[in-house]
1. Which whole-number percentage describes the relative contact order of the chain, with Cα contacts under 8 Å and a sequence gap of 6 or more?
2. What part of the accessible area of the chain, given as a whole %, is carbon or sulfur when the probe is 1.4 angstrom?
3. Where does each of 279-292, 176-189 land if you order them by average Cβ count within 10 Å, highest first?
4. Remind me, what semi-axes does the stretch 377-434 give for its equivalent ellipsoid, largest first in whole Å, using sqrt of 5 times each Cα gyration tensor eigenvalue?
5. Regarding the stretch 259-359, what whole-number volume in Å³ per residue does the convex hull of its Cα atoms give?
6. What are the ³J(HN,Hα) values, in whole Hz, obtained from phi via the Karplus relation 6.51 cos²θ - 1.76 cosθ + 1.60 with θ = phi - 60°, for each residue of the stretch 119-129 in sequence order, with x given for Gly and Pro?
7. Place the peptides 142-151, 109-118, 379-388, 437-446 in order of packing, highest mean first, counting for every residue the other Cβ atoms within 10 Å and averaging per peptide.
8. If you fit an axis through the alpha-carbon atoms of helix 442-461 and take the longest principal axis of the Cα set of the chain, what angle between them do you get, 0 to 90°, nearest 10?
Amino acid sequence: MPYHAAVASDAAPPAVASDAAPPAVASDAAVRLVAAAVVPMEPPGQVYRPGVVDLAGDRITWVGPAGAAPPHHGPQLQLSGLLLPGLVNCHAHSPMTLLRGVGEGLPLHDWLRKAIWPREAHLTPDDVYWGMTLACDELLRCGVTTSCESYFHDRRVVDAAVDAGLRCVVTPGILDPAGSGAWRRLLDIAVALHGEAHGRAGLIEIGFGPHAAYSLPLEALATTAHLAAEVDALVTLHVAETAAEGAALEAEHGMTVPALLASAGILDGRVLAAHGVWLTDDDVALFARHDVAVAHCPQSNAKLGSGVARLPHLLRSGIRVGLGTDGPASNNDLDVWEELRLAPLLARAVAGDAGALGAADALALATRGGGRALGLPVGCLHPGYLADLIHVRLDDSRFVPVLDDADLVSHLVWSGCSALVEDVWVGGRQVVRAGVCTTVDGRRARHEVQRRAERLAGAVAQPGC
Ligand SMILES: [Zn+2]
């Protein structure tokens with residue numbers, strides 16, 4: 001059966017209607033959101049109380065204090081909470097909801113080879129669709145409006161993201177199992193997907209996701225980078241995630257992995273390096289010269305015992321840094337709120353300095369920093385930016401007291417959480433209402449992922465599989 005036929009049409013979003021609410025599907029009609037507070041992240045630390053955000057189509061047209069808002073005659077929504085840009089997840093393998101928690105306690109190398117890759121060998125396109133659909137429900141309810149994804153069967157990742165209304169940079173995974181030369185076929189698939197799906201529904205950008213220098217021949221990385229540069233596509237790959245992963249390459253070439261990547265021309269285009277835990281000072285300077293962005297994944301790095309990236313050093317060096325959850329097999333969730341809190345906690349703990357990373361700067365990593373790392377006009381509430389924003393409840397003990405504007409920002413970082421995300425818009429379309437994702441049948445997605453995960457577990461338990 002063609003896999004397209006296997007996906008029921010119930011993945012389409014149900015109609016959501018309310019007299020007071022903005023339209024469920026974006027239109028060009030202007031909509032005004034008036035909130036008790038607006039934190040536009042432009043610049044970080046700015047707060048409007050009360051504030052206004054005007055939307056038209058999929059864009060923001062005006063942001064500012066309510067008292068200075070221009071005349072408006074269209075629909076208007078009064079919100080009792082706080083408007084914030086949607087959170088940006090810069091590194092994820094979200095269909096791995098199918099493998100959530102697999103390989104508990106293993107270090108990265110064993111985790112990949114013993115637990116993850118054997119299961120992934122049995123994945124079907126429909127598995128990936130449902131894994132991604134469940135992830136979309138989780139991401140959107142957490143207030144994540146953009147995710148940079150790298151996985152397999154990526155056409156189905158695109159389908160799931162479009163059905164759910166999640167903005168995605170989809171970077172098809174390119175690997176070369178056992179030096180098989182499979183990377184050439186996977187690269188062809190990525191190029192074809194770029195031609196088919198780039199720009200789909202105004203939500204999808206297609207990039208390229210070569211896994212890492214240690215898992216691919218240099219020729220594969222260089223060819224990928226060359227093809228990506230031809231279409232100005234993002235290349236994302238894992239770099240310096242663990243201390244030992246680059247040892248063989250360094251011994252062979254006499255230089256660090258980032259230096260090797262640069263020498264092969266792989267850093268010349270739009271490049272996003274995931275992790276960057278074990279970058280030397282020279283590596284960081286090299287990244288700055290090539291304007292390579294970094295997806296900082298503090299929770300995944302901590303859980304797999306990989307280390308702590310030198311976040312303050314990266315930022316001081318002018319690197320564009322966003323936050324990533326990594327896949328839910330190594331995190332185990334897709335909640336960027338946890339990352340935006342853990343990032344400053346670890347930075348301060350390692351530095352022995354409570355001023356190592358401020359609250360506004362931590363919040364910026366999860367919003368405008370993510371947008372800059374991906375090269376997308378998201379992460380700020382600013383005219384011309386995409387209308388990706390979230391409404392956070394303030395009627396909660398975690399936001400009391402508020403004595404000045406800075407309290408709101410610090411409460412968001414230190415006591416905010418995904419459970420307080422009330423409403424979410426992506427490209428002006430409301431996809432979460434009163435904490436419920438309106439575009440995903442969550443019950444069905446949980447059922448599908450449960451039974452498919454059971455099948456995958458059974459497959460690797462079979463002798464010879
Ligand atoms: Zn990863």
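1. Details: 1043 pairs, mean separation 102.6, N = 465.
It comes to 22 percent, rounded to a whole number.
2. Working: 9500 of 17420 Å².
Its accessible area is 55 percent carbon and sulfur atoms.
3. Working: 279-292: 17.4, 176-189: 14.1.
The packing order, highest mean first, is 279-292, 176-189.
4. Numbers: eigenvalues 107, 44, 13 Å².
Whole-Å semi-axes of the equivalent ellipsoid: 23, 15, 8.
5. Details: hull volume 10.2 nm³, N = 101.
Per residue, the Cα convex hull of the stretch 259-359 comes to 101 Å³.
6. Going residue by residue, I get 6, 4, 4, 9, 6, 9, x, 5, 4, 5, 4 Hz, with x marking Gly and Pro.
7. Details: 142-151: 28.1, 109-118: 15.7, 379-388: 23.0, 437-446: 19.2.
In descending order of packing, they fall as 142-151, 379-388, 437-446, 109-118.
8. Between the helix axis and the principal axis of the chain, the angle is about 10 degrees.
The values are calculated or read from the model by the stated rules, or taken from the named source; none is laboratory data. Owing to the predicted nature of the structure, the values given are computational and were not obtained by experimental measurement. When we count neighbours, we look across all protein chains shown, and the Cβ atoms used for this are built from the backbone with ideal geometry, even at glycine. Just so you know, the surface numbers come from the protein's heavy atoms only, side chains and all, with ligands and any DNA or RNA stripped out. Shrake-Rupley method; radii C 1.70, N 1.55, O 1.52, S 1.80 Å.
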